[in-house]
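Q: For reference, the structure I am asking about is given below.
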Amino acid sequence: MESLLQSQGVAAALLPASRPRPRRGNRLRRRTRAQANIRHLVSVDDLRQVARDAATVGCGGADDHALNGRAPVETPTPEVSRGAGTVAQRLRAIAEACADRADMHDIIGRQRDNWNHLLLHATNSLALTASLASALAPASPTLPALRASAGVLLATAAVTMAAVNRMQPSQLAEEQRNATRLWRQLERDVRAALDHRTATTAEADDDVQEAMDRVLALDAAYPLPLFPGMLDKFPSAVEPTRWWPRRQPRKRPAQSAAKTVNGATASNCNGWTRELEDEMRGIVRVLRAKDEQEYVSNAKLALRLNRGLAVAGPALAGTAALATAFIGSSGEAGSLAPGAAVLCGALAAAVNTLEHGWQLGMLFDLFRNVAGFYRKIQEDIEACLDEVDVERRENGEVFQTKVALLLGRSTSDLSHFREMASPSFKDEDIKDFAGKLF
């Protein structure tokens, strides 16, 4: 008996002590206390405020209410998310189209540059070979064969010169080179807008429309096909090349408190000051009066010279071809014909070398492109200054840096253009050019 009691004591010592079961009344008191704590943490007023916030966000309200010091997180609706995705796809499609066009213009530009070199050497070879045959024909026993060969070669050279002068391969190649650069620049701009696009549907649609307008303007400025659609190589009026869309006048917001620099309440608004605005206006005036006019004048000079050589080359080659018909005939015409054929053929080759070896068509297009470059800077500055609210403009310091880089100057060099914005400063007194890059 004693051994049995001892074994039970040992077992009781080894077993863990059992917890006393709480009574039903204690559980009820604890549950009531917990509910009271919950009511203390989240009151009924807070729950009502949450409901009002949810209703405000759902209805598109403009006021954001805070709950316990935290602003509610706005989650985009399915319509906004779907619209943002569509805009991203459209911008991505435009970027891919720009990359494809850049490759096409690059390939075609190389091809047309090859045309210029091959046709130049081929036409000169035809003219010089025919001139040599015309010189040897009178003393050769095979006079009819040499006379016919010289005539065919000179006629071919005349037709080839006329066709090449009509197309101007060097100018075509320059168009494609410039178009390749501009298409790649547009692709970079579109991808930058794609990476930094905002969630605002209106701004995203404006980005898409602006990109599409730039694509259409570039297509019109630098067409790919030769016939039809090729640009006029000898225009009656010389204008700067335009590869950007014409800007539509912006609708100014009806805000009476719009911040302006002239008469602004602050001396520095978004990086803009009166002195900076005067610098920009002075740059626009100098660009219009000096830089743009200088390159337009150079383009007109290159066009006149190129037009004269384009007419003289085929005319000389055709005259030489006609002179070969009188080689070997009796009389004074027969004695003068070989010399005329040789002289006109050699002059035709020389004129062709001057025109296409010096690439006068390329120079004409280059001058027009540079004039268009300066015209675009003018319009960019004017569009920025036309925005009355400076908060809607690009930052003034950033814009000044961009303009300085485009002109090949430092930002400190732009200060001397400030006085040129004054109406009392005459255009005749402007001696320096604004751009140093070209």
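Q: Using amide H atoms built in the peptide plane, which far-off residues or other-chain residues are under 5 Å from residue 269 H to H?
A: Residues meeting the amide H criterion: none.
Q: Given the C-alpha centroids of segment 283-310 and segment 383-416, what is the distance between them in whole angstrom?
A: Result: 26 Å between the Cα centres.
Q: Would you kindly derive the ³J(HN,Hα) couplings of segment 145-151 from the backbone phi angles with the Karplus curve 6.51 cos²θ - 1.76 cosθ + 1.60 (θ = phi - 60°), listing them in order in whole Hz, with x for Gly and Pro?
A: So the Karplus estimates, Gly and Pro as x, are 5, 5, 5, 5, 5, 4, x Hz.
Q: Sorted by average packing, counted as other Cβ atoms within 10 angstrom per residue and highest first, what order do 329-336, 178-185 take? Please report the intermediate quantities before stating the final value.
A: On the way: 329-336: 11.1, 178-185: 20.0.
In descending order of packing, they fall as 178-185, 329-336.
Q: Further question on the same structure: Starting at the first residue of segment 406-411, write each ³J(HN,Hα) from the Karplus equation 6.51 cos²θ - 1.76 cosθ + 1.60 with θ = phi - 60°, in whole Hz, x for Gly and Pro.
A: 5, 8, x, 10, 8, 5
Q: A further question on this structure: Let a ≥ b ≥ c be the square roots of the eigenvalues of the Cα gyration tensor of segment 303-438; is it rounded (a/c under 1.5), or, if not, prolate (a/b larger than b/c) or oblate?
A: Here segment 303-438 falls in the prolate category.
Bear in mind that the values in this text are calculations on the coordinates, not laboratory data. Values in this document were obtained by computation on a predicted structure and should not be read as measured data. Note: ideal-geometry Cβ built from the backbone for every residue, glycine included; neighbour counts use all protein chains shown.
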